[in-house]
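One structure is given here, and the rest of the page talks about it.
The values are calculated or read from the model by the stated rules, or taken from the named source; none is laboratory data. Since the structure is predicted, the reported quantities are computational estimates derived from the model, not experimental observations. Positions of Cβ are backbone-derived with ideal geometry, glycine not excepted, and every protein chain shown enters the neighbour counts. Ligands, DNA and RNA are excluded from the accessible area calculation, which covers all protein heavy atoms including side chains. Shrake-Rupley method; radii C 1.70, N 1.55, O 1.52, S 1.80 Å.
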Amino acid sequence: SIMDVGSKKIIGKPFVLDRRIFMADIIGSENLVFGFGAAGQFYDLMNGNKIGDQIDVSFPRVSHFPSKNIYLVAGSRSSTVYLMKKRLTEVLRLEVGSRYQSHAVNADESLIAISTEAGDVAVWRLEDGFRVGGIMKHDYAVDQVVFHPDNDKFVFTLMEGGLLFGWNR
């Protein structure tokens, strides 16, 4: 069940999650719940119906980009990142080459940079999943990536041990 903390009222109807789901979060602005655990599944908050296919990625996490109303689902044990739009009716699969590590979105939510365990960072258009530019190669896994807040031509990457790199992509 999902409860409004302020009013203490149940929102929607209680529903059963798939047995591979351990936790759930309300996400986005379309009355969606994302259940995650050994796999991922979106549910309709109001009636508990499954929305879209189950995402067979262990311990997936979801991010929502509100200006484009796009959801990103990725797991640290997978090399596939999913971009979903239009209440999950459109799904783009991005193959990132090795295990997903982290991501960042530029200020206007048009580009996403994805880092991997192999040390590669690539930039993709968020709207259509088209990769732009080359690969920014590192010797080790890239723990975090971020766009410059004023000029998304520049990307910064952080590796374990505090190594910070600036890139003119």
*Looking at GLY129, is it of a type in the set (Gly, Ala, Ser), over 26 Å from ASN31 (Cα atoms) and either open to solvent by less than 40 Å² (accessible area, probe 1.4 Å) or assigned to a strand (DSSP E or B) (or both)?*
no
*Does ALA118 qualify as being under 26 Å from ALA38 (Cβ atoms), open to solvent by less than 80 Å² (accessible area, probe 1.4 Å), in contact (Cβ under 8 Å) with a residue 12 or more places away in the chain and over 15 Å from the mean Cα position of the chain (by Cα)?*
yes
*asked:* Out of everything in segment 1-22 that is more than 12 Å from ASN47 (Cα to Cα) and not in a loop (DSSP other than H, G, I, E, B), what residue ends up being least open to solvent (accessible area, probe 1.4 Å)?
replied: ILE21
*Among the numbered criteria (1) part of a loop (DSSP other than H, G, I, E, B); (2) at pLDDT 95 or above, which single criterion is violated by VAL155?*
(1)
*Quick one: count up the residues across segment 69-113 that are assigned to a strand (DSSP E or B) and among the charged types (D, E, K, R).*
4
